[in-house]
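The values are calculated or read from the model by the stated rules, or taken from the named source; none is laboratory data. Quick caveat, the model's predicted, so the values are computed rather than measured. Cβ placement follows ideal geometry from the backbone for every residue including glycine, while neighbour counts extend to all protein chains displayed. For accessibility, only protein heavy atoms count, side chains too; no ligands or nucleic acids. Shrake-Rupley method; radii C 1.70, N 1.55, O 1.52, S 1.80 Å.
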Amino acid sequence: MKSVFAILLLALAAVPAPGADIQMEWAYHAAGSGLRTSERVPGESTTFLANGTDQIADGETVTLYVLTAGNFAGDLDEQIFVRWWDGYMAHWIMGVWVKKIALDAARPESTFHGAPDEGTAEIDLWKVDVPSWITQPGENFYAIQLKACGPDGSEERYLLSRPGGDFSHTNRLGQIWSASEEFEGQDWSVNVLQ
């Protein structure tokens, strides 16, 4: 029995880990809670919470925008999800890639939070629509998941409103993120009006 266990351990050790090195340097939805309704997506006329307010009418789709580094998951497949908590259960809504955004330090109007410091950067813009049949009247909560997927598994990071726990970090844009799925009380809220 010990030899079977030892062989199993050796076999598991030989399986490569997902190897995801998710780049969080350009990940952004909102630094804190307030900016998402007033801060504009670079080069766009919309805000990161496109509804323009966190008081959403019942029956209205909630539209969120997210920035990431180009190819944030390296050679692995990239996905963006929103984990939406409606007060009763979690819903996972997949986002869609919108376009690339070029930033240029030589043109201050073409930077974001003062970045890049020098040269240029190309970042990706993603959009997530949370349909009205998912939202519920009252307080709803959400966090954004960046996911790297490969044949050997997946790895995730979460964009959050507030820091908490040992796994929280803040990137150069002021965005709080975590590698932990335990983020209760750290996510954003939206009030769905009746």
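Summary of computed values
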item: Value of relative contact order over segment 111-169, rounded to a whole percent, pairs C-alpha under 8 Å and six or more apart; result: 19
item: Relative contact order (%) - criterion: Cα under 8 Å, at least six apart; region: the chain; result: 26
item: Cα-only Debye scattering, segment 104-184: base-10 log of I(q)/I(0) at q = 0.18, 0.23 Å⁻¹; result: -1.01, -1.14
item: Size-normalised alpha-carbon gyration radius of segment 19-88, reference 2.2 N^0.38 Å; result: 1.28
item: Karplus 3J(HN,Hα) series, Hz, for segment 37-42 with 6.51 cos²θ - 1.76 cosθ + 1.60 (x for Gly, Pro); result: 9, 10, 7, 7, 4, x
item: Hydrodynamic radius of the chain per Kirkwood, over alpha carbon pairs, in Å; result: 17.9
item: With DNA, RNA and ligands ignored, accessible area of THR120 (1.4 Å probe; Å², nearest 10); result: 110
item: Heavy-atom accessible surface of the chain: percent carbon and sulfur, 1.4 Å; result: 53
item: Given the chain, longest segment not containing exposed loop GluC sites (Glu not before Pro) (DSSP; at most 16 other Cβ within 10 Å); result: 119-180
item: Space enclosed by the convex hull of the alpha-carbon atoms of segment 53-142, per residue, Å³; result: 117
item: Crossing angle, helix 2-14 versus the chain [Cα axis fit, 0-90 degrees, rounded to tens]; result: 40
item: Per-bin percent of Cα-Cα distances, segment 125-170 [5 Å]; result: 5, 13, 20, 18, 20, 17, 7, 1
item: Euclidean distance of C-alpha centroids, segment 39-110 and segment 148-194, integer Å; result: 14
item: Solvent exposure of segment 76-115 as accessible area per residue, Å², 1.4 Å probe; result: 57
